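Novice: What follows is a structure written as structure tokens; I'll ask about it next.
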Amino acid sequence: MSTTAPSVPELRVLRRSGFSPSRFWDQISIYLPVLIMGLLALASYWLLASTPELELPAAARPPTHEPDYFMRRFSVKVFDPVGALTTEVYGVEARHHPDTDTIEIDEARIRSYNPQRLLTVATAEKVTSNGDSTVFILEGNASVVRQAGPNAAGEMQPRMEFHGEYLRITLKPEHIESDRPVLLIRGRDQITADVLDYRGDSRVAVLSGRVRAQLAPR
């Protein structure tokens, strides 16, 4: 069986059909940007779908009463600008509580000098101080002893002692108070009371409740 060449009319039909490889690729190139954009969109969607979500930062946790730092068998000294010792704190252990911004000191002893260099010594089984060290709460065998000497006006002041199971001390101005039985010793005089309110700026002590006084002869 022989194959005959196409006649001239058949060649014309092929040419009229318009099929040409170059024209085919020209038409495809028109839609190529659209196809590429579609592929990029699909790729972006796939990346977003497969990428794990970022974890949101955890909300700030409120401070707790658990100590965030502590010291053991410590001694802290504070000096004034000219190098003179103003305060010295000893303790078996100290703990800082972040929720109340307080420091608790076990078996504490605090030595403090006023501008006239008169020494005051405070001791207690536990001392609690606020963040700026302006309020001190002494609990358990609490005592505050101030040595005798001249005050800011040059007047001689007798030795003073405060003893009790609870003493609350506020500085600037000096204020010592207690709602529990206390013993106040001034010079050779001794007074016991249920409630104490002493103000250092006026040097006046208000004692109430069951008050008993033992005054030395003048």
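Novice: Within segment 87-99, does at least one residue satisfy the condition of being open to solvent by less than 100 Å² (accessible area, probe 1.4 Å), modelled with pLDDT of 60 or more, more than 30 Å from THR128 (Cα to Cα) and outside any helix (DSSP H, G or I)?
Specialist: no
Novice: Let me ask something else. For segment 175-203: of the residues being of a type outside the set (Ser, Thr, Tyr), open to solvent by 40 Å² or more (accessible area, probe 1.4 Å) and closer than 19 Å to ALA152 by Cβ, which is modelled with the lowest pLDDT?
Specialist: Filtering segment 175-203 for residues that are of a type outside the set (Ser, Thr, Tyr), open to solvent by 40 Å² or more (accessible area, probe 1.4 Å) and closer than 19 Å to ALA152 by Cβ, the one modelled with the lowest pLDDT comes out as ASP201.
Novice: Quick one: in segment 66-86, of everything that is closer than 18 Å to LEU118 by Cβ and β-branched (Val, Ile, Thr), which residue is most open to solvent (accessible area, probe 1.4 Å)?
Specialist: Filtering segment 66-86 for residues that are closer than 18 Å to LEU118 by Cβ and β-branched (Val, Ile, Thr), the one most open to solvent (accessible area, probe 1.4 Å) comes out as VAL82.
Novice: In addition: Can you tell me which residues in segment 167-214 are touching a strand residue (DSSP E or B) at 6+ places or on another chain (Cβ under 6 Å) and on the phi > 0 side of the Ramachandran plot?
Specialist: The one that is touching a strand residue (DSSP E or B) at 6+ places or on another chain (Cβ under 6 Å) and on the phi > 0 side of the Ramachandran plot: GLY209.
Novice: Using beta carbons and a limit of 7 Å, which pairs, at least six apart or on different chains, have the first residue in segment 148-173 and within 23 Å of THR192 (Cα to Cα) and in a loop (DSSP other than H, G, I, E, B) and the second one open to solvent by less than 50 Å² (accessible area, probe 1.4 Å) and modelled with pLDDT under 90?
Specialist: Short answer, once both residue conditions are applied: ALA148/GLN157.
Novice: Among the listed residues ARG117, ARG111, ARG159, which satisfies the condition of being at pLDDT below 90, open to solvent by 20 Å² or more (accessible area, probe 1.4 Å) and among the basic types (Lys, Arg)?
Specialist: ARG117
Novice: Within the group GLY164, GLY149, GLY131, GLY140, which residue is open to solvent by 40 Å² or more (accessible area, probe 1.4 Å) and either in contact with a strand residue (DSSP E or B) (Cβ under 6 Å, 6 or more places away or on another chain) or of a type outside the set (A, V, I, L, M, F, W, C) (or both)?
Specialist: On inspection, the qualifying residue turns out to be GLY131.
The values are calculated or read from the model by the stated rules, or taken from the named source; none is laboratory data. What you see is a predicted model, and the numbers here were worked out from it, not measured in a lab. So basically every Cβ, Gly included, is an ideal-geometry build from the backbone, and we count neighbours across all protein chains shown. Each accessible area value is taken on the protein alone, full model and side chains, heavy atoms only, with ligands, DNA and RNA left out. Shrake-Rupley method; radii C 1.70, N 1.55, O 1.52, S 1.80 Å.
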